[in-house]
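One structure below.
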Amino acid sequence: MGQSNPIGSNTVLIVEPEALVRFDMIAFFEEREWRVYEAEDADQAMDILDQRKDIRVVLIDAMASGRMDGLKLAHYVRERFPPTLLFVVSGNVPIPQDALPQKATFLPKPFDLHRVMRQIEQSPVTP
């Protein structure tokens, strides 16, 4: 069952297979007093999402592995947790907008986390 209430917390899930990249993103959000959850693959991410109902933002590397790839995970997040702010990132190939879930933002790597934070801050929290 998906979320029924709007998400207003400063909580992020980072799904990134590369440890150093993941650690940099974690540090960025923690410095801004966000609660951060991390996953290196889609399986870990799904477990966290099923346990934590307060996650407002999800950043997913399209190359994440597991039972599904990062793009399929993004569709899973959108279907199960519709109010979540969703970012799909890739350093390999651009992902066409029509392949992304509805209301997801594609970010080519490398990307500016300050710009991502501005997008998050400007996004209304909606159910």
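Read-outs: derived from the displayed coordinates by stated rules, not from any lab. Everything quoted here is computed from the prediction, not taken from an experiment. Glycine gets a Cβ as well: all are built from the backbone with ideal geometry, and neighbour counts include every protein chain shown.
Before moving on, here are some points about what is shown:
- Whole-number percent relative contact order across the chain, with pairs defined as alpha carbons under 8 Å at least 6 apart: 26 percent
- Each Lys and Arg Cβ is given +1 and each Asp and Glu Cβ -1; about its Cα centre, the range 1-92 then shows a dipole of about 460 debye.
- Descending by average beta-carbon neighbour count within 10 Å, the peptides 21-29, 81-89, 39-47, 110-118 line up as 81-89, 39-47, 21-29, 110-118, the highest first.
- Of the residues P83, F29, P108, the one whose Cα sits farthest towards the positive end of the charge dipole of the chain is P83 (charges of +1 on Lys and Arg Cβ, -1 on Asp and Glu Cβ, taken about the Cα centre).
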